[in-house]
Amino acid sequence: MMQRLDTRRLTRSFTPLRWAAFAFVVLVILAATLAPWISPHDPLAQDIPRRFLPIGSPDHLLGTDEFGRDLLSRLLHGARVELVVALGASLVAAVLGITLGLLGGYFGRWVELLTMRTVEVILAFPPIVLALLIVTIYGSGQSTLIVIMGLLFIPAFARLTFGQTLGVRSAEYVEAARAFAAPTGVILARAILPNVSGALIAQFPITLANAILLGSGLSYLGLGITPPTPSWGGMVAAGQRFMPVDPTMLIISSIAVTLTVLSFGLLGDALRDWLDPKSRRRR
Amino acid sequence: MVSFLIRRIATAIVLAWVVLTLIFFAIHTVPGDPAYQLAGGDSGFTEEGLQQIRESLGLDRPLGEQYANYLLGVLGGDLGESFATGQPVAQSILRRLPATLQLIAAAAVLAIAAGIPFGAWAGRRRGMADALMTSVTSVALAVPVYVVGALAVLLFSVTWRLLPAGGLTPFAEDPMGFLRGLLLPAVTLSLAFSAVVARMTRTAVIETSDRDWVRTATSFGLTRRRVFNRYVLRNSMNPVVTVVGLEIGSFLGASVIIERVFNYPGISTLLIDGVSARDYPVVQGVVIVIAVLFILINLVVDILYGILDPRARIR
Amino acid sequence: MDSLTYKFMLHDGLTYHDGTPLVADDVRAALLWYADPANSARSYPGVRFIKDIAIASDTEFTITLNSVNLSFLEYLADPSAFIVPQNQLSADVEATNGAGPFKLESWDEGVGLVLTKFDGFYGADDVTLDRIDVSFYSDATARVNALLSGDVDFIDYVPWESYDQLEASGFVVHGEVGVFQSAIFNVETGPFADPKLRLAVAYALNRENATAAAFFGHGTSLFGVPGSGPTGENLWEYNPERAKELLAEAGYANGGPKVHLLSNSTYVFLRDLALSVQADLEAVGFEVEFTSPDWPTFTEEAVAGKYDVTVQGNVGNVQDPAGWLPRLVQPRPEANKSFGYSNADLDAALAEALAAEDAGARQAALDRAYKLIGEDVPFATINQRMQAYAYTDRVSGFEVMLGFTQPYSVNNLINVTITG
């Protein structure tokens, strides 16, 4: 029994602010995807004699950074880097987390013990500590970050799926499927998953927002993306250092991160209102 | 009830052991030789000198033996000695831990004090109030903690010279100075958390208000306000309790950044310095202590939840 | 006395901070302990020249060297050669008892320490400060903010981007140029085994850009050996065309080779220098892979030669190039010298300069050494950086030491006063 797309709830869930957030998300994704083609300059091209140019300089719309590199190009490529990492991490977390939650919620007993306790081990580790260690062993870089952040975000998906599965597993249609001796995999995929998917789809942008926050936080501490590859967190850190000389770097990169995280968060709120019946809020 | 308690405590102990083992083997395989760091890095060292250092630190023993020794030590309360300073790790941690705990406690108190009233107000009034709360909390959740911290230092310390830019005065020495030094870091840390608390409170309030028994109470003639303060608010606290436990984790992550920006001498700085110096005992010790803290808090939250909601004990 | 023998007289009545007397025998014990290679002492490179120390009395002793070293006295003045009580000459004992103008009152590891005036110091009348509170700030911006907001009166290691801001806010920024940075190579395996390619790098480096990027212009470009005079200071120049020619001569007329530039994430200025170097190398045709792990991993990889080129800071611990150059070119594994480099002719020229008794012979030997460095490029110097201290205008009497001893200025806080 699939959930129909409830278009009435859709229009009620999406306020004008949330539509704006959705539009911004689309904008960021487009910018990130098209970055290599729409950037006016190579984000790595240095021009040290012309560093810290202000906004609106000829040839550099948003100015230049401490190495004379074009800020606009670095912002666009930085978006790409942040999104690739955040998206990768969220996908890893979603796939692994949903699997753990489904298995644990459906089978119960020792399977539940194994899966949910694994989740607790992950939660018992302070995230930055884990990230620090992994980055020191395997070096910083996009693939390392995707793996480590993916692991760290598993609990959100796992617990959500677990809770939802528990609620659904005793439903009649599931009993019916079992009575027909359908293979477990099919039951999980066809009967249970679609009914929990609402909440999960809504969780995805939220995890993405958190991944951007964590990833940029790590880059800020110097543990994330290696320079000279642009990253928003790295740009905020550099902007902070050079604030007395040129505050625009800090302002631009801070706004970029904040608006993006905000938009993804609002989008997630909207999707949750629309797709997840259990958390419906009266407007 | 008792079997529930025993089960949870047993799980907690196993969890702590797993974390200890993982961190031990992880830090020992990280590249970067501690002996080299201790020998002064860039001058005058010889291979014999390095070997001597390794022996004195016990690093030349087989890894399994080192692990067994460490485990036995921990069970007896001995977390080893720092490679760099020779001080007992337990002592160093005990000196820094109070500062971090004070920071987290202050932030939690601030967040609850600000978040609950705000969320309750929005949940009761709905309409414009609700929309306002949602927008404000969304922004609070989206702004990265390092941006807030940097702005706070810039405004309150450097420009307006109202509060110190960093460090921490011990309470015993100067209570006012201590509070002033704690204020900015705690407020920065509590920002995102107050947003979460506010939202949770709002949702819980709305859901409870719609319950039948609330409507019954109102129909008996009790004023809406009385109903709200007496019954709705108190019964909305369950999810808030859970959230506190869950969010302590992100507190510690954010406190790493806070301690860096405000030069606040807490346990996260001890950890980062330890990793930078490859001071294995310090890193292991801090991670274990933090993990045990987490596990304890989760345990307490679980038990509280079990007390508040008997249905939760069945699983 | 003669160039191999030095006679020392100690002041009368010297004591350590705990009151025990400081005698000549302590000096002998300490110096000989440092000279033992198994103890990995920082002062080893200087004190290893000691052949013997003869005690005449509690306050008189004579040191005999096994070969001439005109910089010997400078080595002894280095803080790493301080005299401490004999019971502290061990890796296990915490060395908190000394004989200087300030004694250690308390130490909160990782957080700070407190120093108080030692009244038993032989020059105690000149010591004007009663107490110094030291706080550790590992983040440079936090350090600057602490000074700006009045939390502290004095900071060291001022980040270069803040010099102007601090001066504009009424603080004294006091610095000197001394410490220098160079590009060093893996000459054992990889493309830089070929001296032509190393020479190409020396010509490819745009030192002005590097200084602007990493030090905001607060530094001086280096084109040779710092402090060596006209014969040694102009070995190379910024000439990318020449660099490209050298690449072509080495067989890389159409771009390449691919090289690994190792940097680190801990010292931001070294990383910024490396980024500038990367751009310069790519401009002449190299293909550069850039990695920057944290400092311990970086030093491990540097010592093991897991790189093709890297950027390192260097400081001689004495002024005389014949004294500090050997460390950078002798075949000993160290993190801040080129991996696998060894040049017997260069070693011979430097040893000759060190042992020479007259200035003319010394200079001739040094000139030979400089020429060899210019051609064989054991390191390609980039620039010298300014190291500055900053303090409120209420502090006076602070002197910054010159040249390579600059970082030790903070060890000399006698005569410093503060008002208000």
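For segment B:46-181, what is the relative contact order in percent, using Cα pairs closer than 8 Å and at least 6 residues apart in sequence?
Details: 51 pairs, mean separation 10.0, N = 136.
7 percent.
Taking beta carbons within 10 Å but only from partner chains, what does the mean come to for residues B:259-267?
Values: counts 2, 6, 6, 3, 12, 1, 6, 0, 1.
Mean partner shielding for this stretch: 4.
Using each residue's phi in segment B:91-100, evaluate 6.51 cos²θ - 1.76 cosθ + 1.60 at θ = phi - 60° and report the 3J(HN,Hα) Karplus result to the nearest Hz, with x for Gly and Pro.
5, 4, 5, 4, 6, 8, 4, x, 4, 5
Could you state the per residue volume, in Å³, of the convex hull enclosing the Cα atoms of segment B:45-196? All intermediate terms of the calculation are to be shown ahead of the outcome.
Working: hull volume 33.0 nm³, N = 152.
In segment B:45-196, the Cα convex hull volume per residue is 217 Å³.
What do the square roots of 5 times the Cα gyration tensor eigenvalues come to for the protein assembly as shown, in whole Å, largest first, as semi-axes of the equivalent ellipsoid? Walk me through the numbers on the way to the answer.
On the way: eigenvalues 645, 224, 155 Å².
After diagonalising the Cα gyration tensor, the semi-axes are 57, 33, 28 Å.
I need the peptides A:203-216, C:203-216 ranked by packing, meaning the mean over residues of other C-beta atoms within 10 angstrom, with the highest value on top.
Values: A:203-216: 25.7, C:203-216: 23.5.
Going from most to least packed, we get A:203-216, C:203-216.
Using a 10 Å cut-off on Cβ to Cβ distances, tally the other chain neighbours for every residue of B:269-276 and report the average as a whole number. Before the final figure, lay out the partial values.
Numbers: counts 5, 3, 4, 6, 4, 1, 7, 8.
Mean shielding count: 5.
What helices does chain A hold that run 30 Å or longer along their axis, going by alpha-carbon atoms, with a Kyte-Doolittle average of 1.6 or more, using DSSP H for the helix calls?
Details: long enough: A:16-38 (31 Å, 1.87); A:71-107 (52 Å, 1.55); A:193-221 (40 Å, 1.21); A:248-275 (40 Å, 1.40).
Long hydrophobic helices here: A:16-38.
Using only DSSP helix segments of four residues or longer, with each worth -39500 (n - 2.57), what per-residue ellipticity at 222 nm results for chain A after dividing by its residue count and rounding to 500? Before the final figure, lay out each step's value.
On the way: 11 runs with 197 residues, N = 283.
Helix contribution divided over all residues of chain A: -23500 deg cm²/dmol.
Please give the per residue volume of the convex hull enclosing the alpha carbon atoms of chain A, rounded to a whole number of Å³. All intermediate terms of the calculation are to be shown ahead of the outcome.
Working: hull volume 42.8 nm³, N = 283.
Dividing the Cα hull volume of chain A by its residue count gives 151 Å³.
Name the residue farthest towards the positive end of the dipole of chain A from the options A:Thr184, A:Gln203, A:Leu214, assuming +1 on Cβ of Lys and Arg, -1 on Cβ of Asp and Glu, about the Cα centre.
A:Thr184
Using only the Cα atoms of chain C, each taken as one equal point scatterer with no solvent, compute I(q) by the Debye sum, divide by I(0), and report log10 of the ratio at q = 0.06, 0.07, 0.14 Å⁻¹.
-0.29, -0.39, -1.39
Over segment C:178-384, what relative contact order in percent results from Cα pairs under 8 Å that are six or more residues apart? Before the final figure, lay out each step's value.
On the way: 401 pairs, mean separation 69.8, N = 207.
Normalised by residue count, the contact order of segment C:178-384 is 34 percent.
Kindly express, to the nearest 10 degrees and within the range 0 to 90, the angle between helix C:195-204's C-alpha long axis and the longest C-alpha principal axis of chain C.
Taking the Cα atoms of chain C, the angle to C:195-204 is about 80 degrees.
Cα centroid distance between segment C:346-362 and segment B:273-298, in Å?
If you average the Cα positions of each part, the centres end up 54 Å apart.
Can you give the net charge of the other residues whose Cβ lies under 13 Å from the Cβ of C:Phe192, counting K and R as +1 and D and E as -1?
Working: positive: C:Lys196, C:Arg198, C:Lys258; negative: C:Glu188, C:Asp194, C:Asp308, C:Asp376.
That sum, taken over residues with Cβ under 13 Å, equals -1.
Could you rank the peptides C:223-236, A:81-94 by their average count of other C-beta atoms within 10 Å per residue, with the highest value first?
Numbers: C:223-236: 18.6, A:81-94: 22.8.
For the peptides C:223-236, A:81-94, the packing ranking is A:81-94, C:223-236.
Please order C:Lys258, C:Lys103 by the number of other Cβ within 10 Å, starting at the fewest. All intermediate terms of the calculation are to be shown ahead of the outcome.
Working: C:Lys258 12, C:Lys103 20.
Fewest-to-most Cβ neighbours within 10 Å comes out as C:Lys258, C:Lys103.
Evaluate the relative contact order of chain C (contact order divided by residue number), counting alpha-carbon pairs under 8 angstrom at least 6 apart; express in whole percent.
The value is 19 percent.
Under the definition of partner shielding as Cβ atoms of other protein chains within 10 Å of a residue Cβ, what is the mean value for peptide A:246-259?
2
Divide, for segment B:2-75, the radius of gyration over alpha carbons by 2.2 N^0.38 Å, where N is the residue count.
On the way: Rg = 17.9 Å, N = 74, 2.2 N^0.38 = 11.3 Å.
Dividing the Cα radius of gyration by 2.2 N^0.38 Å gives 1.58.
Using modelled amide H (1.01 Å from N, peptide plane; none on Pro or chain starts), what sits under 5 Å from the amide H of C:Gly175, excluding residues fewer than 5 places away?
C:Tyr389
Could you list which residues have their amide H under 5 Å from that of B:Tyr264, counting only those 5 or more apart in sequence or on another chain, with H placed in the peptide plane?
Excluding prolines and chain starts, which carry no amide H, the hits are B:Gly167.
How much net charge surrounds C:Leu115 when only other residues with a Cβ under 11 Å from its Cβ are counted (Lys, Arg +1; Asp, Glu -1)? If you can, show how the numbers build up before the last one.
Working: positive: C:Lys103, C:Lys117, C:Arg131; negative: C:Glu105, C:Asp130, C:Asp133.
Neighbourhood net charge equals 0.
To the nearest 20 debye, what charge dipole does chain A have about its Cα centre, counting +1 at the Cβ of each Lys and Arg and -1 at the Cβ of each Asp and Glu? Mind showing how you got there, number by number?
Working: 23 positive and 16 negative charges, 232 e Å.
Roughly 1120 debye, rounded to the nearest 20.
Read phi for every residue in segment C:158-163 and hand back ³J(HN,Hα) as whole Hz from Karplus 6.51 cos²θ - 1.76 cosθ + 1.60, θ = phi - 60°, with x for Gly and Pro.
5, x, 5, 5, 9, 3
What ranking do B:98-108, B:191-201, A:47-57 get when scored by the average of other Cβ atoms within 10 Å per residue, highest first? Could the numbers behind the result be given before it?
On the way: B:98-108: 19.6, B:191-201: 24.4, A:47-57: 15.0.
Taking the mean over residues of other Cβ atoms within 10 Å, the ranking is B:191-201, B:98-108, A:47-57.
Give, as a single signed number, the net charge of other residues whose beta carbon lies under 15 Å from the beta carbon of B:Tyr67, with Lys and Arg counted +1 and Asp and Glu -1. Intermediate values should be presented prior to the final figure.
Details: positive: B:Arg61; negative: B:Asp60, B:Glu65, B:Asp78.
Net of charged neighbours comes to -2.
Against the empirical 2.2 N^0.38 Å scaling, what ratio does the C-alpha Rg of segment C:272-385 come to? It would help to have the intermediate numbers written out before the result.
Numbers: Rg = 15.9 Å, N = 114, 2.2 N^0.38 = 13.3 Å.
Dividing the Cα Rg of segment C:272-385 by 2.2 N^0.38 Å gives 1.20.
How big is segment C:178-384 by the Kirkwood estimate over distinct Cα pairs, in Å? Mind showing how you got there, number by number?
Working: mean 1/r = 0.0589 Å⁻¹.
Computed over segment C:178-384, the radius equals 17.0 Å.
With θ set to phi - 60° and the Karplus curve 6.51 cos²θ - 1.76 cosθ + 1.60, what are the ³J(HN,Hα) couplings of segment C:319-333 in order, to the nearest whole Hz, using x for Gly and Pro?
6, 6, x, 5, x, 9, 4, x, 4, 8, 10, 6, x, 10, x
Quickly estimate the mean residue ellipticity at 222 nm for chain C, helices only: each DSSP H run with n ≥ 4 gives -39500 (n - 2.57), and the total goes over all residues, rounded to 500.
Numbers: 14 runs with 136 residues, N = 420.
Result for chain C: -9500 deg cm²/dmol, rounded to the nearest 500.
Using modelled amide H (1.01 Å from N, peptide plane; none on Pro or chain starts), what sits under 5 Å from the amide H of C:Asp151, excluding residues fewer than 5 places away?
B:Ala165
If you restrict to DSSP beta bridges whose two residues both lie in the protein assembly as shown, what percentage is antiparallel, to the nearest 5?
If I count the DSSP bridges inside the protein assembly as shown, around 85 percent turn out antiparallel.
Since every read-out is calculated from the coordinates, none of them should be taken as a lab result. Quick caveat, the model's predicted, so the values are computed rather than measured. Positions of Cβ are backbone-derived with ideal geometry, glycine not excepted, and every protein chain shown enters the neighbour counts.
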